[in-house]
Structure formats: structure tokens, C-alpha cells
1. Of the numbered conditions (1) at pLDDT 95 or above; (2) within 21 Å of Ser139 (Cα to Cα), Ile30 fails exactly one; give the number of that condition.
2. Out of curiosity, is Ala190 touching a residue at least 60 places away in the same chain (Cβ under 8 Å) and within 29 Å of Ile30 (Cβ to Cβ)?
3. Within the range 115-131, which residues are in contact with a strand residue (DSSP E or B) (Cβ under 6 Å, 6 or more places away or on another chain) and among the hydrophobic types (A, V, I, L, M, F, W, C)?
4. Read through the list (1) buried (at least 20 other Cβ atoms within 10 Å of the Cβ); (2) under 29 Å from Val66 (Cβ atoms), then give the number of the only condition that Phe134 fails.
5. In the range 10-43, which residues are under 29 Å from Ala146 (Cα atoms), of a type in the set (D, E, K, R) and surrounded by fewer than 14 Cβ atoms within 10 Å (Cβ to Cβ)?
6. Six or more apart or on different chains, Cβ under 9 Å: which pairs go from a residue in the range 44-70 that's polar (S, T, N, Q) and loosely packed, with under 13 Cβ neighbours inside 10 Å to one that's in a loop (DSSP other than H, G, I, E, B) and modelled with pLDDT of 90 or more? Could you list them?
7. May I ask you to list the residues in the range 26-42 that are without any contact (Cβ under 8 Å) to a residue 40 or more places away in the chain and under 14 Å from Leu90 (Cβ atoms)?
8. State whether one or more residues within the range 166-175 are surrounded by 13 or more Cβ atoms within 10 Å (Cβ to Cβ), at negative phi and in contact (Cβ under 8 Å) with a residue 24 or more places away in the chain.
Amino acid sequence: MPYKRVMLKLSGEALAGETKYGIDDSKVQILAKMVAEIHKLGVELAVVIGGGNYWRGRTNPQMDRVTADQIGMLATTMNAMTVADAVGKLNVDCRVLNAISMPTISEPYIQKKAVRYLENKTVLFFAGGTGSPFFSTDSGAALRAAEINADVMLKATQVDGVYDKDPNQFSDAKRYSKISLQDVMSNGLAVVDATAAALCNDNNIPLIVFSIKDPNNVIRIIQGEDLGTLVLP
């Protein structure tokens, strides 16, 4: 395998059905089987799942931003627990490590403990973002990727890579096969937020942006297939 330790970032919408809200169990089962297949390859896998299928608090101008972000952290916890439960039923050892203290339902995130779990081939689901408001789950994933010394961060999206403009709006949009994080930041490309980009850049973590419409794309990338856009520090 070209990558020994992988951080996989999924959006909450990857778990939702046609309504784009809540949980579609068929999507959960597909993702759980994908995680189990990656585990069989011997790859050390950590997963961060956003909470957008439950909560988009930032769109509510009447709500305090800190409160909105804290509710979003709860949404990521629900998603992590949901997928971890499905993965565990496939006889894969997995744990939910939470940046928020919820000792009766998840373990606290401790960096050294997380690394030991990964070394023992336990699949980890990081919940609760960074544990602080004003940070996206992309930033949380990049932070955890740096802390566990991940070889790569895979960001699953609804498009097949990084484009110079929105491919859903412009038919002449150009997809990059490779681009630098510096160019992503300087050109304002909507790949990850500035904090996540800086964390990946400063910690020399390559980022691969690809389409999750076919969940097997994750396995193909981990096996070395050239898919999506490689974003280099």
C-alpha cells in the first residue's frame, strides 16, 4: 500500500438519502463495508464525518455562533457513532474518540492513545471536531491528521476533484490532476478552509480530493490508483 496511515474526511451528506437530511441506513451500510475492506488491507484508518446532514447552524443569523458550532459537534458525534456501530457489526475493531467529554457514550480523544489504537489496527472515528467553536470539520480532520502523523488526508466530495471554478455552474471548468496547497490558498479554491489548508501545508500532509459517489474510489486511491486531485504541500 502506498499509504500506511490514512485520514478519511467524509461529509455528513454522505450518510443522507435523497432528502439530503438525516441518516439513510443503506448509505451507512455501504460506507461500513468500505471501511471494513480498507481494514482488511492492513491500512491504519481514521475517519472524520461532518454533521451537515443534521445541522447547518451557521445559516441561522439569530443563533450565537458558539452555540451553533457546539450543536454541530453533537451532530458529528451522532454520525460517528452510527457508522462505528455498523462497522463493529462487521467484526472490525473500532472506537469513537471524542473531543467533547461524553464518557458514557464515547472515549475522550487523547493523541497517544489514538496512535496506539491505530498501531493495533483499530479503526478510529474522531467526533466533536476540534472541541472548540469557529473550526470546521475539515480543520478538525487536518488537525487530527497532523496529530496522528497521517500519510495522507482523503477528502470525499460530490465532485471528482479540484476545479478552477464550479463545475456544476460552468461547463468549461478545468479539473486539476495536481495542484499545490499554496495555489489552492492563493487562488481561493473551495477545497478546504484556510485553517485546514495551512495545517496540511505546515505538516507536510498531502490531500486527495475525489468523488464519493462511488465509495470504492476510497479503496482504489489507497491501493495507489490515480483518482481525483492530488493537493501537495
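1. The number of the failed condition is (2).
2. Details: touching a residue at least 60 places away in the same chain (Cβ under 8 Å): no; within 29 Å of Ile30 (Cβ to Cβ): yes.
Taking the combined requirement at face value, the residue does not satisfy it.
3. Result: Leu118, Val123, Leu124, Phe125, Phe126, Ala127.
4. With (1) buried (at least 20 other Cβ atoms within 10 Å of the Cβ); (2) under 29 Å from Val66 (Cβ atoms) applied to Phe134, the lone miss is (1).
5. Taking the range 10-43 as the starting set, the residues that turn out to be under 29 Å from Ala146 (Cα atoms) are 10-16, 27-43.
So of that shortlist, the ones also of a type in the set (D, E, K, R) come out as 13, 27, 33, 37, 40.
Listed by number, the list holds a single entry, Lys40.
6. Hits for this filter: Thr67/Pro133.
7. First, pick out the residues of the range 26-42 that are without any contact (Cβ under 8 Å) to a residue 40 or more places away in the chain: 26-27, 40.
The answer is Lys40, and nothing else.
8. Going residue by residue through the range 166-175, those that are surrounded by 13 or more Cβ atoms within 10 Å (Cβ to Cβ) are 167, 173, 175.
Narrowing further to those that are at negative phi: 167, 173, 175.
Going one step further and asking which of them are in contact (Cβ under 8 Å) with a residue 24 or more places away in the chain, we end up with 175.
The answer is yes, given that some residue of the range 166-175 is surrounded by 13 or more Cβ atoms within 10 Å (Cβ to Cβ), at negative phi and in contact (Cβ under 8 Å) with a residue 24 or more places away in the chain.
The values are calculated or read from the model by the stated rules, or taken from the named source; none is laboratory data. Predicted, not measured: the structure shown is a model, and the values here were computed from it. So basically every Cβ, Gly included, is an ideal-geometry build from the backbone, and we count neighbours across all protein chains shown.
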